[in-house]
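Here the structure is laid out as structure tokens; the discussion comes afterwards.
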Amino acid sequence: MSDNDIKKIILPYSISVRKLADELDASPIEVIKVLMANGVMASINQSVDFDTAAVVASELGFEPELEKIEEETAEDKSEVPLWRRVIEDEDEEDLEPRPPVVTMLGHVDHGKTSLLDAIRHSNVAGGEEGGITQHIGAYQIDHNGRKITFLDTPGHAAFTSMRARGAQGADIVILVVAADDGVMPQTREAANHAKAARVPIVVAMNKMDLSSANPDLVKRQLSEIDLVPDEWDGDTMIVPVSATKMQGLDDLMEAILLVADNKEIKANPKGEVMGTVVEAELDRFRGVMATLLLQNGTIGVGDTIIAGKAHGRIKAMFDYRGNRIETAGPSTPIAVMGLNDVPRAGDLFRCIESEKEARAFVDELENEEKSKTVFQRVSLEDLFERLQAGETQELRLIVKADVQGSLEPIVNSIKEIEEKQSEVSIEILHQETGNITESDVMLAAASNAIVIGFAVEADNPALRLAEKEGVSIRLYTIIYRLIEDIEKALKGMLEPEFVERTVGQAKVLATFKVSKFKVAAGCRVLDGEIRRNGKIRVLRNSKVIFDGEIGSLKRGKDDVREVREGFECGVALKQFHEFEEGDLLECYVVEEKPI
Ligand code: GDP
């Protein structure tokens, strides 16, 4: 065979025999034969790792290459909103800084509305305040010459259904916590939403003017939900404020801008027009009025847009003060007139050449939506297939139970299941006692999780939403059944015999505190790689002094799935914090033993 015949092929970390055969244009039987000839017995649905797949690929005349994993987005592209992907696809040199978009989340009555009002009033340039005649659901402020866009989420119930998506439209979440009341259920929920959408959180500790304020207690509660204050060596900024006394607002703006600078919030003003619908209504006199947040590109009067399933030519455009404007750039909230229908909050919008094109797009969207609700969401039934297909490596759960006494053993058993295998990480996004509510389903929909209930019911709004969003809810009354089902869902890939395989080694160069009790190791990978889902043995003077799980693996500030030879990384282990310079970390995975 000449060199020209060798075809390059990119393969993932792990691939099922069936898929490998597809990729190699071979029959599964051919692939299985090559595997057997190399001492590997695998059935058609079993997965093989890259090294094994690479041997097969080479024998069949391919030049295999390991798929590059884009660090942050690799886990699940579908979670990254489309507008973010549009910006990511722009040429780096066309990108310009844009104002950060901020949304406020928090428990009811903790002061979101008061804080939004206070910020708006204190920051509008002198004398113009009277000019704000309408709430359009978003506004922009100026802080020392820099702009910040706030999504001014109204308090009405209809909007809560957008909360889940709201976090996805924003660059930063301000989590409002009343200093006299502390972390409450909706605080936790909001934090979960922000984390699921991978949006950074700044905490505004409100009502500091009250004598009953207890900031230390609140900070401790925040630490318990993984929002460790920076003053305690964590990485969450907690800013004390009082909305009613207008105190601390400048500090809050500074904190937002600091986070924004770290995140490099950018867009291409000349790029593809893309944004999110903030809210929309039918006005008796003006027709459909929609508030849009433009995230990329520049939009102008006369452009034809499509927003969700509505479309039309923009007849007039207004800024948040109600002033008529002709064009607007990235991160600008605008109110537009001219759509033929009322889009939904959270819908995306984009520019389109003609109405005809718009209608074709709407049809396409409708079709896609239909197929999406049927196929897209995970369920325990299809989990195994997804794992096999390499579509997911994570099972996300929301667990509700009648009492604490049953919640704990369930959560512990689920954790045990996770520990018994290394292929799938099981993440419990939220655990709580009580019936399954709409907000549980919302969180599940936003993060593609399954809701599991033990001795509880799902209320009607929750059931309706679950049906609409295609979220799977499973109810149990016997604990072992619940556990058995999860185990079954993971089965097939899990054979009773396992072997350990070392995948890489790293040397500890330095140690650093990440919180009061936790210490991480700054390392260089000497050979192979360190994998987030692998396990670590810590060796000192050639003796194993610890063997256990990785708590986090970072490159710089980013969580990553693996770090390869020659690179530096930060490793924190779940139950070991006594690293010393010079320690050797051996990363290994536990694998199914070939029969
Ligand atoms: P939301 O439900 O989170 O939007 O909360 P609101 O903004 O409606 O505030 C709830 C209640 O807390 C109202 O009675 C506010 O007047 C009060 N409140 C809000 N911020 C402060 C504050 O900084 N100090 C005090 N003392 N009360 C506040």
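Which residue pairs have Cβ atoms under 9 Å apart, sit 6 or more places apart or on different chains, and have a first residue in the stretch 194-210 that is among the β-branched types (Val, Ile, Thr) and a second that is more than 10 Å from the ligand (Cβ to nearest atom) and assigned to a loop (DSSP other than H, G, I, E, B)? Qualifying pairs under 9 Å: 199/170; 199/171; 201/227; 203/227.
Residues checked against (1) β-branched (Val, Ile, Thr); (2) at pLDDT 90 or above; (3) under 30 Å from residue 347 (Cβ atoms):
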position: 32; (1), (2), (3): yes, no, no
position: 36; (1), (2), (3): no, no, no
position: 41; (1), (2), (3): no, no, no
position: 50; (1), (2), (3): no, no, no
position: 54; (1), (2), (3): no, no, no
position: 72; (1), (2), (3): no, no, yes
position: 78; (1), (2), (3): no, no, yes
position: 86; (1), (2), (3): yes, no, yes
position: 93; (1), (2), (3): no, no, no
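Among the residues of the stretch 300-318, some residue qualifies, meaning at least one is more than 16 Å from the ligand (Cβ to nearest atom), over 29 Å from the mean Cα position of the chain (by Cα), within 18 Å of residue 152 (Cα to Cα) and open to solvent by 10 Å² or more (accessible area, probe 1.4 Å). Being buried (at least 19 other Cβ atoms within 10 Å of the Cβ), modelled with pLDDT of 60 or more and away from the ligand (no atom under 16 Å from the Cβ) is the requirement here; does residue 151 meet it? No; evaluated as a whole, the condition is false for this residue.
Only residues that are touching a residue at least 60 places away in the same chain (Cβ under 8 Å) and hydroxyl-bearing (Ser, Thr, Tyr) were counted across the stretch 211-232, and they come to 1.
Checking 484, 432, 457, 416 one by one, the residue that is under 23 Å from the mean Cα position of the chain (by Cα) and among the charged types (D, E, K, R) is 432 and no other.
The C-beta contact set for the stretch 93-118 (first residue over 27 Å from residue 269 (Cβ atoms) and open to solvent by 10 Å² or more (accessible area, probe 1.4 Å), second residue in a loop (DSSP other than H, G, I, E, B) and more than 8 Å from the ligand (Cβ to nearest atom), distance under 7 angstrom, 6+ apart or interchain) comprises 107/184.
Condition check ((1) under 30 Å from residue 445 (Cβ atoms); (2) assigned to a helix (DSSP H, G or I)) across all residues:
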| position | (1), (2) |
| --- | --- |
| 183 | yes, no |
| 195 | yes, yes |
| 216 | no, yes |
| 257 | no, yes |
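Residue count for the stretch 183-207 satisfying the condition of being within 14 Å of the ligand (Cβ to nearest atom), surrounded by fewer than 20 Cβ atoms within 10 Å (Cβ to Cβ) and closer than 18 Å to residue 237 by Cα: 0.
In the stretch 220-236, the qualifying residues are those that are within 21 Å of residue 429 (Cα to Cα) and over 22 Å from the mean Cα position of the chain (by Cα), and the one that is least open to solvent (accessible area, probe 1.4 Å) is 221.
For (1) open to solvent by 20 Å² or more (accessible area, probe 1.4 Å); (2) closer than 29 Å to residue 345 by Cα; (3) more than 16 Å from the ligand (Cβ to nearest atom); (4) not aromatic (Phe, Trp, Tyr), each residue gets a yes or a no:
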site: 172; (1), (2), (3), (4): no, yes, yes, yes
site: 209; (1), (2), (3), (4): yes, no, no, yes
site: 217; (1), (2), (3), (4): yes, no, yes, yes
site: 255; (1), (2), (3), (4): no, yes, yes, yes
site: 261; (1), (2), (3), (4): yes, yes, yes, yes
site: 266; (1), (2), (3), (4): yes, yes, yes, yes
site: 274; (1), (2), (3), (4): no, yes, yes, yes
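Of 471, 503, all but one fail to be open to solvent by less than 30 Å² (accessible area, probe 1.4 Å) and modelled with pLDDT of 90 or more; the exception is 503.
Residues in the stretch 336-381 that are assigned to a loop (DSSP other than H, G, I, E, B), over 17 Å from residue 291 (Cβ atoms) and either modelled with pLDDT under 70 or of a type in the set (D, E, K, R) (or both): 353, 376, 377, 378, 379.
Of the residues making up the stretch 440-450, those that are over 9 Å from residue 193 (Cβ atoms) and either in contact (Cβ under 8 Å) with a residue 60 or more places away in the chain or of a type in the set (A, V, I, L, M) (or both) are 441, 444, 445, 448, 449, 450. Comparison of 25, 51 shows that the only residue that is open to solvent by 40 Å² or more (accessible area, probe 1.4 Å), among the acidic types (Asp, Glu) and in a loop (DSSP other than H, G, I, E, B) is 25.
For the residues 457, 427, 394, the requirement of being modelled with pLDDT under 90, more than 24 Å from residue 45 (Cα to Cα) and either of a type outside the set (A, V, I, L, M, F, W, C) or open to solvent by less than 20 Å² (accessible area, probe 1.4 Å) (or both) singles out 427.
Residues that are open to solvent by less than 20 Å² (accessible area, probe 1.4 Å) and over 19 Å from residue 181 (Cα atoms) were ranked within the stretch 237-253; the one that is farthest from the ligand (Cβ to nearest atom) is 253.
Taking the stretch 570-595 as the range and being under 22 Å from residue 515 (Cα atoms) and open to solvent by less than 10 Å² (accessible area, probe 1.4 Å) as the test, the residues that pass are 571, 573, 583, 585.
The values are calculated or read from the model by the stated rules, or taken from the named source; none is laboratory data. Because the structure is predicted, anything quoted here is derived from the model rather than measured. A quick note on method: Cβ atoms are made from the backbone with ideal geometry, for glycine too, and the neighbour counts reach across all protein chains shown. We work out accessible area using only protein heavy atoms, side chains counted, and drop any ligands, DNA or RNA first. Shrake-Rupley method; radii C 1.70, N 1.55, O 1.52, S 1.80 Å.
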